Amino acid sequence: MSGRSAPPRSDTPWRADLRRSRQLFADFRVEQTDPARFYGALARDSVGQLSGYLDLRGATMLDVGGGPGFFRDAFEAAGATYWALDADVGELSGQGAIAAGTVIGDGMRLPFRDDAVDLCYSSNVLEHVPDPWRMAEEMLRVTRPGGIAFISYTSWYGPWGGHETAPWHFLGGARARRRYLARHGHEPKNRYGESLFEVTVKQGLDWARTQRLGEVVDVIPRYNPRWAYGLTRVPGLRELVTWNLVIVVRAR
């Protein structure tokens with residue numbers, strides 16, 4: 001487990017610098033009011049970041065929890081054959097008709113054979129399933145030897161761990177959910193205990209250290225600049241400053 005990002009390909013302009021972090025955080029602020037802006041920017045950023053681990057040209061990829069398809073255009077433009085899976089038909093149809101190459105299924109029981117794809121990608125999904133590390137292992141199961149599993153999730157004790165109930169999740173997820181209902185007259189989209197669960201940075205580090213399905217290439221804070229990567233080695237502090245943790249594993 002390196003804790004450092006693999007150097008991007010020389011033809012890829014992606015850089016984990018402060019300017020990138022500021023722009024992503026600015027886009028994140030409109031995630032619910034203007035999802036196309038945020039997820040479009042994140043998709044383009046993901047293409048650049050992933051190009052440091054494998055050549056997307058001609059690669060077959062599965063986007064676990066792909067939702068309405070914000071990432072499809074960016075990955076297909078990079079030359080990948082894109083498949084998406086989601087359990088929520090409402091999410092899948094968020095931009096209109098459900099696109100071809102989309103599968104309805106459970107991320108914890110992926111309906112794909114072993115060694116099916118070159119890249120298995122998941123962005124901000126792990127915290128929405130009750131058994132996140134089973135999903136991570138499923139992602140590695142369907143990834144060909146030498147391929148990449150890119151697992152990214154929102155850490156519970158980060159500023160937005162409670163999603164739209166933040167920052168009240170610091171007082172407990174159930175309490176934050178009740179407060180949101182009382183204040184807005186309806187349940188949050190991400191309901192603690194049903195569609196939102198506590199997944200910590202420590203849990204991710206522990207899984208990365210103990211799993212035996214692949215070689216861990218990186219464990220890094222996704223949105224942070226490179227100079228802040230070392231904070232993932234500081235217990236306690238890493239939970240607060242890591243908005244989103246990325247675990248990159250090369251399948252065996």
Taking the Cα atoms of the stretch 41-190, what is the range of coordinates along each of the three principal axes, in descending order and whole Å?
-> 50, 31, 28
DSSP beta bridges in the chain: the antiparallel percent, rounded to 5, is 45 percent
Unit charges on C-beta of K, R, D, E only; dipole of the chain, Debye = 800 debye
Per-residue Cβ neighbour rank within 10 angstrom, fewest leading, HIS186, HIS169 = HIS186, HIS169
What nm distance separates the two modelled labels at ARG113 and HIS186, each placed 7 Å from Cα along Cα→Cβ?
-> 4.4 nm
Rounded to whole Å and ordered largest first, report the semi-axes of the equivalent ellipsoid of the stretch 36-81 derived from its Cα gyration tensor (root of 5λ).
-> 17, 12, 9
Neighbour-count order for TRP243, TRP227, fewest beta carbons within 10 angstrom listed first | TRP227, TRP243
Give the relative contact order (percent, whole number) for the chain; include only Cα pairs under 8 Å separated by 6+ residues.
-> 21 percent
Which semi-axis lengths, in whole Å and largest first, follow from the square roots of five times the eigenvalues of the Cα gyration tensor of the chain?
-> 26, 22, 19
222 nm [θ] for the chain, helices only, -39500 (n - 2.57) per DSSP H run of 4+, per residue, to 500?
-> -8500 deg cm²/dmol
Selected from LEU240, SER155, VAL64, residue furthest toward positive end of dipole (the chain; charges at beta carbon) = LEU240
Taking the Cβ of each residue in PHE150, PHE170 as the centre, tally the other Cβ atoms inside 10 Å and list the residues starting with the fewest.
-> PHE170, PHE150
Any residue on another chain or 5+ positions along whose placed amide H is under 5 Å from the amide H of TYR192 is listed here as none
Distribution of pairwise C-alpha distances over the stretch 189-252, 5 Å bins, in % | 3, 17, 25, 20, 18, 12, 5, 0
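Any read-out appearing in this document is the output of simple, stated calculations on the displayed coordinates, not a laboratory observation. Since we're looking at a predicted model, the values are computed, not measured. Note: ideal-geometry Cβ built from the backbone for every residue, glycine included; neighbour counts use all protein chains shown.
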